[in-house]
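Contents: one structure, followed by commentary.
The values are calculated or read from the model by the stated rules, or taken from the named source; none is laboratory data. These numbers were taken from a predicted model, which means no experiment stands behind them. A quick note on method: Cβ atoms are made from the backbone with ideal geometry, for glycine too, and the neighbour counts reach across all protein chains shown. Ligands, DNA and RNA are excluded from the accessible area calculation, which covers all protein heavy atoms including side chains. Shrake-Rupley method; radii C 1.70, N 1.55, O 1.52, S 1.80 Å.
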Amino acid sequence: MSTTTSSSLQVSLLLSLLLSLFILTSLVAVSAGNFYQDFDITWGDNRAKILNGGNLLTLSLDKISGSGFQSKNEYLFGRIDMQIKLVAGNSAGTVTAYYLSSQGPTHDEIDFEFLGNVSGDPYILHTNVFSQGKGNREQQFYLWFDPTMAFHTYSIVWNTQRIIFLVDNIPIRVFNNLESIGIPFPKGQPMKIYSSLWNADDWATRGGLVKTDWTKAPFTASYRNFKANACVWTSESSCVSLSTNSLQTSEWQNQALNAAERNRIRWVQQKYMVYNYCGDFKRFPQGLPAECKRSRFL
């Protein structure tokens, strides 16, 4: 074998090795959590199922019961991502909830709730933030896509400065830490991740005017690609950094909106917001909550 041929073979082998490493690294980088490892099904009997080796979870609702699951871990700050495909067709009366929450009468909570509707009408995405047991901070949005046709990513970034709600990595809402003016902020209570599919036809669709059509049951929502880049609360009352993505970063710890993201949140709030508690003067005749004067997304 000539020196030239030998060198070419070595280069070819090296390139093949590098390509294999690149493919392996890419696969690891996008790896997500496994539902068997990360979650417990908590209610609904066989209406909640973990499938495909732990890569898919489905919740179902029928006239007898809904279903739900919760994370094994508690988190104190982090970024949580979940891909969800919502109930298709006539989902009126149903609610698919996906949220972080602690326990007790002074609990903290960060909510996504998807309010079903009759076929052809858009879902309403309902958001809320509880701190020290106090909520009543609702903002609601239509989505700019059909959330029943494909999976979309719903994310919560939670750090000591702010909470950011994102849909497909587009920010839709920010709740800032305004403890400086006496507004409690969720920062001292570790929270688990919860999700449930349940019947709320007394209020969910057009204020309860449209009831659940049980001839369309069972209703099913699907989940995949859970990722947590977060601090996990341990039994020793300490926080251990954990990521279900091998390329763990700490970007979330100080994450805020850049100029492009501020433009996107303006676009969402101008085009798709359908309710904002900070504009509901009838609900707060004595004056809007104090944070409303400072609740900008900057």
Exercise for the section: Might you work out the accessible area of Ser65 for me, using a 1.4 Å probe with all protein chains in place, and round it to the nearest 10 Å²? Expected result: 30 Å²
Handout entry: Nearest-10 value in Å² for the accessible area of Lys271, using the 1.4 Å probe
Key = 140 Å²
Exercise for the section: Could you give me the percent of Cα pairs per 5 Å distance bin for segment 170-209, shortest bin first, beginning at zero and ending with the bin that holds the maximum distance? Expected result: 6, 14, 11, 13, 18, 18, 16, 5, 0
Handout entry: Amide N proximity, segment 138-159 versus Arg266 label position 7 Å along Cα-to-Cβ, cut-off under 13 Å
Key = none
Practice task
Taking only the C-alpha atoms, wrap a convex hull around segment 107-212 and report its volume per residue in Å³ as a whole number.
Solution key: 120 Å³
Practice task
Calculate, for Cys292 and Asn169, the FRET efficiency according to 1/(1 + (r/R0)^6) with r their C-beta to C-beta distance and R0 22 Å; round to the nearest 0.05.
Solution key: 0.25
Handout entry: Spin-label proximity, Asn46 to segment 207-237 - amide N less than 19 Å from point 7 Å beyond Cα toward beta carbon
Key = 217-221
Practice task
Report the accessible area of Arg47, computed with a 1.4 Å probe over the heavy atoms of all protein chains in place, in Å² rounded to the nearest 10.
Solution key: 40 Å²
Exercise for the section: Please calculate how many Å² of accessible area segment 43-180 carries per residue, with a 1.4 Å probe and no DNA, RNA or ligand atoms counted. Expected result: 34 Å²
Exercise for the section: Provide Met82, Met149 ordered by accessible surface of protein heavy atoms (probe 1.4 Å), highest first. Expected result: Met149, Met82
Handout entry: Heavy-atom accessible area order for Lys63, Lys211, largest first, 1.4 Å probe
Key = Lys63, Lys211
